[in-house]
Amino acid sequence: MRRLLAILALALTASVASAATITVTPLSNDWAVVYVRGEFRMGDDKEFVNKALPLKDAFVVFASDGGHLMTGIEIGRAIRLKGFLTYVEPGDSCVSACAIAWLGGRKRFISKTSRIGFHAAYLDENGSKTESGTGNALVGAYLSQLGMSQTAIIFVTAAPPDRIAWLNLSNASTFGIEVENFELKDDQSPAKPSAKAAPQQAQSALPSGENAAAITCSLTDRKGNQITYRFVNTGPGVAKETHFSRNGVVKETGSLYTTYRDNVGLRLVYNASPDYQLTLTDKGEVTLTRNGGTVASGTCR
């Protein structure tokens, strides 16, 4: 099997110049951004594992036209094992084996101009591309492990080797692939080598008095419970000294949330269960959601 995979290269390939570069940029004690750029070659998955698996949590940001299929699958498996988030920045492409790896994200983010492309696995024999049933079977098994539907698997593997099926915010739900929109702003540019801005923790997160003043958010859920969040010393990345109470009883205290900014406002992701998010607008309005559904809403001061 090893020799077969090496011969197949199970390419899912397009023309790219160099092997993947994998760079880790820490954002806080708990979060980092992992940049994966360039052609996927055999062995890149081992480099990814060595650099990324020690991290507690991470955004994995892709920009690649593809490469070695099994490398993409193994990177995707490692991402899902760790529960990392995946992202393709505005204007960037993630095609073929790259898109296979991107699917591994616990949550997958794209912008309106991100390009995510799929096609069938193939053998490249002297410039002639022949679809590989073995390669497509490996992709199908991997996607099944991710819990993806038959509709999604068909979409990912249906396009012939010389064509690309593009995934975007408009058609993702049609094919049973869950994605979320994330649009970067011009001021989001953490220092890093040769890469555009990636999802990052907000530098000036909460309204009126970040970094020093306490911010208090009061919400009411559907059952009428009064929920209060108090954030103190909110610097880059983590809302420290968070106090969460329900009906006046303090439930949790500590560095509970990680902060991000997108086109909606400030988002605070609950570290213990990222399905829960707080969204704060510049007007001081706040919404608590779970899996995109509103749980409670209120205001901050």
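Here are some notes:
- Model label points for residue 171 and residue 158, set 7 angstrom from Cα along the Cα-to-Cβ axis, are 0.9 nm apart.
- Rg then Dmax, both in Å and based on the Cα atoms of the stretch 14-86: 11.6, 37.
- By average C-beta atoms within 10 angstrom, highest first, the peptides 149-161, 119-131, 72-84: 72-84, 149-161, 119-131
- Options 138, 79, 54, ranked by Cα towards positive dipole end of the stretch 2-181, top entry (Cβ charges): 54
- Mean separation of Cα pairs under 8 Å and 6 or more residues apart, divided by the residue count, gives the stretch 2-181 a relative contact order of 19 percent.
- Residue exposure sequence - 279, 220 - by fewest surrounding Cβ within 10 Å: 220, 279
- Here the stretch 2-181 is described by how far its Cα atoms reach on the three principal axes: 48, 35, 29 Å, from widest to narrowest.
- Placed amide H near residue 32: partners under 5 Å, 5+ positions off or other chain: 27, 57, 58, 59
- By other beta-carbon atoms within 10 Å, ranking 39, 183 with the fewest at the front produces 183, 39.
- Net charge in the neighbourhood of residue 123 (other residues with Cβ under 12 Å of its Cβ; Lys, Arg +1, Asp, Glu -1) is -2.
- Anisotropy class of the stretch 77-131 from Cα gyration tensor, a/c 1.5 cut: oblate
- The mean sequence distance of close C-alpha pairs (under 8 Å, at least 6 residues apart), as a share of the length of the stretch 30-121, puts its relative contact order at 28 percent.
Read-outs throughout are calculated quantities, based only on the coordinates presented, and are distinct from any laboratory measurement. None of these values were measured; they are calculated from a predicted model. Cβ atoms come from the backbone with ideal geometry, glycine included; neighbour counts cover every protein chain shown.
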